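Heads up, the thing below is written out as structure tokens.
The values are calculated or read from the model by the stated rules, or taken from the named source; none is laboratory data. If you're wondering where the values come from, they're calculated on a predicted model, not measured in any experiment. Glycine also receives a Cβ, built like all others from the backbone with ideal geometry; neighbour counts cover every protein chain displayed.
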Amino acid sequence: MDKSNFVNGPGIPMGLGMALAQNTKAMQYFASLPAQEQQTIIENTHNIRSKQEMQSFVNSLIK
């Protein structure tokens with residue numbers, strides 16, 4: 001999977017895309033989800049205000 005295409009995909013906030021690019025397992029998991037579930041995850045990121053919070057959120061996707 002080419003990370004640059006995924007990270008810059010339509011509708012993916014930059015912070016989420018960058019955090020996913022740093023966590024290959026989480027990125028693969030996110031990419032495997034149906035679009036509706038991806039959208040739910042994206043919506044859950046709207047209140048995240050720091051890089052550390054985003055990284056913790058992304059890490060939690062695969063736990």
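Couple of notes before you dig in:
- For region 4-14, the criterion of being buried (at least 16 other Cβ atoms within 10 Å of the Cβ), under 11 Å from the mean Cα position of the chain (by Cα) and at pLDDT 95 or above is satisfied by no residue at all.
- Listed by first and then second residue, the pairs linking a residue in region 39-55 that is closer than 14 Å to ASN23 by Cβ to a residue that is of a type in the set (Val, Ile, Thr), with Cβ atoms under 7 Å apart and 6 or more places separating them unless they lie on different chains, are MET54/THR45; MET54/ILE48.
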